[in-house]
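Computed from the coordinates by the stated procedures, all read-outs in this text should not be read as laboratory data. Computed from a predicted structure; not experimentally measured. For neighbour counting, all protein chains shown are included, and Cβ atoms are generated from backbone atoms with ideal geometry for every residue, glycine included.
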Amino acid sequence: MDHGENPIAHSIDISTPSIARMYDWFLGGTDNFPSDRRACRALLDIAPSTRALVRNNRLFLQRVVRVLAQDYGVRQFLDYGSGLPVRDNVHQVVQSVDASSRVIYIDDDPIVLAHGRTLLDENDETAIIRAPMTDIDGTLDHLQTTGLINLDAPVAALFVSGLHRIPDAPGPESVIQRVASRLVTGSFLVFCQLVSDSAAIRQTASEFMLKITGHNWGRVRDKSEVHAWVSGMQLLAPGLVELSAWRPDTDVTPRQRTFEWEEYGGVICLS
C-alpha cells in the first residue's frame, strides 16, 4: 500500500466529538474519548434506538458488500466516509470472496486516517485517501485510486454512513448524480440516509448533531426526499427500505424495532 500523506494523528481533537468515534462507541469499540461518549449518551436521550440503528447499519454494509461480490461479481469498491476500522471491514468481506478484490477507503477524519493506514499496511489491494465524501472527482482522479481501481470496469461506490452528513448545498442528490456520471455501466451505488417521520425528531436530532460537530453535518431528512434523489434510477430489490430489511440473511437477522429515526436506503444499479 502506498501511504501517500504522512499520518496526522497529532492533529486529532479529542475535546470535540467525532462522528467516526461516536460510531465506534455505539459498536462497542474502544477508539473513542469522553467527549464522544457524552455525545452518544445525549443522542440516546433524543433517539433511544440509535445503538440498534448503528449496529444494523454495519450489518447492512457487510451484507451488501458480500451480495455484490458473490452475486454480481463486483471486485472493486470505493467506501466513502468509511469511518474507523471495525471487523469485518469492506476489504475483509470482499477478499473472502476473491482475494484479488480491491478497496479504496475515503475519509477526512484524522483518527480514521491514522488507524486505517495501520490496518491496511500489509494489504496491497487496499488504500485509504484523505478527502471529504463530496469530492467525487478528487477521489476518483486521485493517484491511489487510479493506481488501484480500473474505472473502465464496474465499481461499487458505498455511501453507507454519510449522506446525512452532507449539507443541502451541495446536497446528497448532487453527490449521487456525480458518482453515477463517473462510473461505467454495471457499477453500483450503495447509499443510506437518516430519516424520520417525526418533524420534531428531524429538527432536534439535526440541531444536536450540528452543534456537537461545529456545523460539520447535514440534517435528518424525510423519506420523500430520498425517493426524489433516485427517481428514474434502477434499484436492486427490495428497493428503498430501512436497512435491516434489505435482504436479511435469515429470519433472525437483527431488525430495528423502534423508529424515532432510521437508516433508509438501497442499491442503485447503474445502466
Using a 10 Å cut-off on Cβ atoms, rank the peptides 171-184, 219-232, 57-70 from the highest mean neighbour count down. 57-70, 171-184, 219-232
Amide H partners (placed H, <5 Å) of Val160, local residues excluded: Tyr80
Using a 7 Å offset from Cα along Cα-Cβ at Leu151, what residues in the stretch 183-208 end up with backbone N under 11 Å from the label point? 183-184
Here the stretch 44-56 yields Karplus 3J(HN,Hα) values (6.51, -1.76, 1.60; θ = phi - 60°; whole Hz; Gly and Pro given as x) of 5, 5, 7, 9, x, 7, 4, 4, 5, 4, 5, 5, 5
So the FRET efficiency between Asn123 and Asp71, C-beta based with R0 = 22 Å and rounded to 0.05, is 0.40
When all Cα-Cα pair distances of the chain are considered, the percent exceeding 27 Å is 34
Using θ = phi - 60° and the Karplus form 6.51 cos²θ - 1.76 cosθ + 1.60, what ³J(HN,Hα) does each residue of the stretch 152-157 get, whole Hz, x for Gly and Pro? 8, 10, x, 9, 9, 9
Where labels lie 7 Å past Cα in the beta-carbon direction, separation of Asp13 and Val97 in nm: 3.9
Point-to-point label distance, Ser49-His215, nm (Cα→Cβ direction, 7 Å offset): 3.1
Span from the the stretch 11-44 Cα centroid across to the the stretch 84-163 one, whole angstrom: 22
